[in-house]
Amino acid sequence: MDPNKYDHQTIDPKWQRYWETNKTFEAKNKGKKKYILDMFPYPSGDGLHVGHPRGYVASDIVAKYYQMKGFDVMHPVGFDAFGLPAENAAIKKGVHPAENTANNVVRFSEQLKSIGLGYDWSRVINTSDPEYYKWTQWLFLKLLENDLAYQKEAYVNWCPNDKTVLANEQVVGGCCERCGTEVVQQKRKQWFFRITAFTEDLIKDLDLVDFPEGTKEIQKNWIGKSEGADITFKVKDSDEEITVYTTRLDTLFGATYMVLAPEYENLDKFITDQQKATVEGYIKEASKKTELDRLADTKDKTGVFTGKYAINPANGEEIPIWVADYVLGSYGYGAVMAVPAHDERDFEFAKKFDLPIRKVVSGGELPYVGEGDLVNSEEFDGESSNTAFVAITKKVDGKITTKYRLRDWLVSRQRYWGAPIPVFYDKDDNPIPIEEKDLPVVLPTDVEFRPSGESPLETSKDFSEIPEKYIKKGAVRREFDTLDTFVCSSWYFLRYTDPNNDKEFAKKDKINYWMPIDLYVGGAEHSTGHLIFARFITKALQKFGYFEFSEPFAKLRHPGMVLGENNEKMSKSRGNVINPDDVIAGFGADALRMYEMFMGPFDQFIPWSTAGIEGVRKFLDRSYRVIRDNHKNEADEDQDLKEKFYDLVVKITKDTENMDFNTAVSAFMVFVNAAIEKEKVSSFWVEDFVKILAPYAPHLAEELWQDILAKKTSIWEESWPEAKKYKVEGRIITVVVQEAGKKRGEVNVKEGASQQDVVDLVDDDPKLEKLLEYKNRIYIQDRIINFY
C-alpha cells in the first residue's frame, strides 16, 4: 500500500465492525430527539447502484452531525419488501418471492453497511414479515371499523401482462410503470380507503410542514380543489334529469351540448333505441383507454350522439346529449355542460362534430377561458363573470359547492406477494372482519403465484379453509386479494418507534417522543403516491386517538438523480449502471460518500464522473497525510490558518444543517490545501478538523481519531466543535457595497463593524461616496451594505 494513501480496504471494514459491535448508532430514547429517516429501500433487484446512496448518505451526514451536537438521534432502516416488482423479479428467476426477497434483503444490508451508514439496525423492519404485516392488517381493520375502508364496483386500471389492478400512480403514459404493457380499464369490485374524507386537511396542513414548494404544488394540484356549482338539466320528453358540476356557471348561456362519460351510471336511460348499438360500440372502445389517455391534451376528440336532448335551464334551449371519453365518470358527476366558446376541450370537440359555438364572455380569441363581462346572456349582459356566477346559480336553482379531483385510494391487488386482506364474506357478499386476536392472517406458501387474473391465494387449499368460529358468524368464503404495497409503507415510520412490540403497533409514549420525523429524505416521484398516503394514514390514526400530531414529516427533502457518465438515467439496458461495490473497492466508502455530496447541489440531477471521485479520493489522502505528519507539531498558532479554520467550522456547520453538502466538501478541500501550503503546519486545529470531517468521512475520521491521534474512545463520543474559540479578534473582512442591489464596490472593515463604520468607509471612497445621497440602506453585518 502506498504510504501516502490510507488503506481503505483495511480501515473501512475494521470500523464498520467496531460500530456494529459497540452499537454506536443505536438510539437512546432520552433527551433532545432527532428522527432522521430515508424512504426505505425496495429490495426487488440484485442490489444498489451509485444513484441510490445519494439520499442515504445525505441523511446519514445530518444524523451523525446531530449526534455530535448532543441529540438523541434515531436513524433506522428497513425494507419495503412486498409488492409487484419483487414478485415479478422472483417469477423471472424461477424462485419463490419469499426466498428471492430474503436474499435481496441480505444483499442490500451488506451494501448499506459497506457505505458506513450509521443506521440503528436494532430497529430494522421488513414489510413481508408477519410480525410487521400483522399491524398492516390491523390498520385495515381500524379503517374498516371507522368507515374509512369500503368496497365498491369501479373501473380500474388493469395490466394484462401482470394481471393485476394498478393505482393511477402506477400508470405512466398509459402503460404499467413496471412492465410497460398498455393498461386497459376493467370494472371490478375492489377495496378502497376513503382518503377523500381528509381532502381539506391534506391541503391546509401543507402550511405546517417544510416541504419543497414544488412538492406542495404537486400535491395541491393532485387533490385538485375547485369552487363551483351543481346544476340540473331536465331531459326532453322524459322524467330523467342530469346533474353537472361546473366552475364556470357564468357561461351557462353558452352551453350548446352536454357530454356524459362512457361509464356514466344508468347511461341506457339517455340513449334512444336507434343509437343504442352505436353508443355501446363506442363504450367498448373507450374501455381500452386509461384515464391519463383520455385526459391527454390532444385534438383527436371522439364521441357519439345518444339521440336525446337536454333542456338548458337558463334559456330553455334544447341541446344534444353526447357520450365522449374526454369526460371522466370519476370527476364531478360524470357529466358536463359543454361550452365550446370558453373551454379548450369542448371547443375542439364542437369543431370536429360541427356543434354550435356561442361566445358569452367578452375577451380574446376563442376558446377564451378567462373572465370578463357577459354577452349573449339575456338579462345578465354586461355583468362581470364573478357577479353573474352567483346570480345565474340563483336563477336556475343551482347549489354553490366545492369539488376535489382526488379520488379514494384503491388498495385491492390480485397478486400473491402482499399482505392478505383480513376479511371473510357471508352468502350475501357482506364482509366479516377477522378479529384482531386472530392476526396476522399469514400468507400461504402452497400457492401458484404466477399471474392468472385472479388472486393466487385462491389456489391455496389451506388458506381457503374457514375456521369454525367464522363459519358460525356466517362466513362462506375468504377474501383472496392482497393489499397494495403502498399500505405497508404508509405507516412504517411509526413502527420504527417501537419495532418489537407484539401487543400494539407502537406504544403511544414512544410515538409521541419520536414523531414527527425531523428530516425525511426520498424521491420527488413519490409526491402523489406514498407521501399523500402516509399523510392520510397519519391523519386517520390521529382521528382515532393514537397520537396528537397531524403530519408525519416535519421536513422533507428530495435527492437529485445520479445519471450515468453519458448523462442518461442509469439502467441495465443502457449499460451505464455503476455498482457501488466496485467504487468502494477501488476508492473507499468515504470517497463514494463525499463525491456523491460534492458532485452538485443535493436536489439536482448530476452525471457520475470517475474523474470526479478520483479527485475526492486525492483530497482524502491529503487530509490523511497532513494530520498524520503534523499532528504532533508544537508550532505557535498560525493566525491566518486560525482564521481559515474558524471560517471552515462556521461553513461546515451551516452547510450541514442546510444540506448544502457540495459547498461543504469544497470548503474542506480549500482548507486542507491551505494547510499543506504552510511551511510548518501547526496542529492546534487537527482534533476539531477530524470531528467535523467525521459525518462526511466516518471511516477515515475514526482511524485518524483512534489510531493516529491515539484517542481511547470513539470519535462519536465527541461533541461538535464550537467555532468561536478560533475566532480572531479584529480581523479584516470584505463588505460588498451595492446600489439598488447591484455591486458598486467593496470596503475592508474589522469583523463585527457597525453600519456606521461601513458608511464612514464608503464616505472616504471617492468612487462610492455618491451613494450616501440615498436615504435608505440595508446592512447585513460582515457581508453587504445596500443603498437605495
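The values are calculated or read from the model by the stated rules, or taken from the named source; none is laboratory data. Keep in mind that this is a model prediction, so the values were computed, not measured. Cβ coordinates were reconstructed from backbone atoms using ideal geometry, including for glycine residues, and neighbour counts include every protein chain displayed. Surface areas here come from the heavy atoms of the whole protein model, side chains and all, with no ligands, DNA or RNA. Shrake-Rupley method; radii C 1.70, N 1.55, O 1.52, S 1.80 Å.
Computed on protein heavy atoms with a 1.4 Å probe, the accessible areas place Ile578, Ile115, Ile400 in the order Ile400, Ile578, Ile115, largest first. Cβ-Cβ distance of Glu241 and Val442, R₀ of 60 Å, FRET efficiency by 1/(1 + (r/R0)^6): the value works out to about 0.75.
When the surface is traced with a 1.4 Å probe over the full set of protein chains, Phe347 keeps roughly 30 Å² accessible.
For the chain, the residue among Thr272, Ser44, Asn221 whose Cα projects farthest onto the positive side of the dipole built from Cβ charges is Ser44.
Solvent-accessible surface of the stretch 64-211, averaged per residue with a 1.4 angstrom probe and all protein chains in place: 36 square angstrom. On a per residue basis, the stretch 235-330 carries 44 Å² of accessible surface, using protein heavy atoms and a 1.4 Å probe.
Within the accessible area of the chain, what % is carbon and sulfur when the probe is 1.4 Å and the other protein chains stay in place?
47 percent
At the residue level, Lys510 shows approximately 70 square angstrom of accessible surface with a 1.4 angstrom probe and all protein chains present. Here's the picture: a label point sits 7 Å out from the Cα of Asn748 along the beta-carbon direction, and within the stretch 625-663 the residues with their amide nitrogen under 15 Å of it are 640.
Excluding ligands, DNA and RNA, the accessible surface per residue across the stretch 1-53 is 52 Å² with a 1.4 Å probe. Between Asp273 and Asn776, the contour length at 0.36 nm per residue exceeds the alpha carbon distance by 173.2 nm. Among beta bridges identified by DSSP and lying wholly in the chain, the antiparallel ones come to about 75 percent.
Counting only Cβ charges, +1 for Lys and Arg and -1 for Asp and Glu, the dipole size of the chain around its Cα centre is about 1120 debye. The modelled label-to-label distance for the pair Lys510/Lys351, using points 7 Å beyond Cα in the direction of Cβ, is 6.3 nm. Taking each DSSP H run with n ≥ 4 as -39500 (n - 2.57) and averaging over every residue of the chain yields -10000 deg cm²/dmol at 222 nm. A protection proxy built from the mean count of other Cβ atoms within 10 Å ranks the segments 46-58, 15-27, 642-654, most packed first, as 46-58, 642-654, 15-27. The phi-based Karplus calculation (6.51 cos²θ - 1.76 cosθ + 1.60; θ = phi - 60°) puts the 3J(HN,Hα) values of the stretch 310-315 at 10, 9, 5, x, 7, 9 Hz, whole numbers, x for Gly and Pro.
Each Lys and Arg adds +1 at its Cβ and each Asp and Glu adds -1 at its Cβ; summed about the Cα centre, the stretch 308-433 shows a dipole of about 620 debye.
Rounded to the nearest 0.05, the FRET efficiency derived from the C-beta distance between Lys472 and Asp210 at R0 = 51 Å is 0.45. Checking [x] 83, 62, 49; [y] 103, 68, 51; [z] 103, 82, 50 against the coordinates, the calculated Cα extents along the principal axes in Å falls under label [z].
Here's the list of lysines a cross-link from Lys427 could span, going by alpha-carbon distance under 30 Å and ignoring same-chain residues fewer than 8 apart: Lys134, Lys142, Lys152, Lys163, Lys187, Lys189, Lys437, Lys461, Lys469, Lys472, Lys473. Across the options His530, Ala723, Phe211, the greatest Cα extent toward the positive end of the charge dipole of the chain (unit charges at beta carbon of Lys, Arg, Asp, Glu) belongs to Ala723. Extension gain, Val728-Lys69: 0.36 nm per intervening residue step, less the Cα-Cα distance, totals 234.9 nm. Quick one: which residues, 5 or more positions from Val156 or on another chain, have an amide H under 5 Å from its amide H? H modelled 1.01 Å from N in the peptide plane, none for Pro or chain starts. Hits under the 5 Å cutoff: Gln186, Lys187, Arg188.
Only the Cβ atoms of Lys and Arg (+1) and of Asp and Glu (-1) were treated as charged; on that basis the dipole of the stretch 489-633 about its Cα centre amounts to roughly 220 debye.
Highest mean first, the peptides 497-509, 135-147, 59-71, 701-713 sorted by other C-beta atoms within 10 Å per residue fall in the order 59-71, 135-147, 701-713, 497-509. Note on Lys220 and Gln755: the extension gain reaches 188.2 nm, defined as 0.36 nm multiplied by sequence separation minus the Cα-Cα distance. Here's the picture: charge each Lys and Arg Cβ at +1 and each Asp and Glu Cβ at -1 in the chain, and of Val759, Thr306, Ser455 the one pushed furthest to the positive end of that dipole is Ser455.
What the Cβ-Cβ distance of Glu435 and Lys93 gives, at R0 = 35 Å and to the nearest 0.05, is a FRET efficiency of 0.40. Relative to its Kirkwood radius, the Cα radius of gyration of the stretch 682-788 gives an Rg/Rh of 1.26. With a simple spin-label model that places each label point 7 Å from the Cα along the Cα-to-Cβ direction, the separation between Lys711 and Asn633 comes to 2.1 nm.
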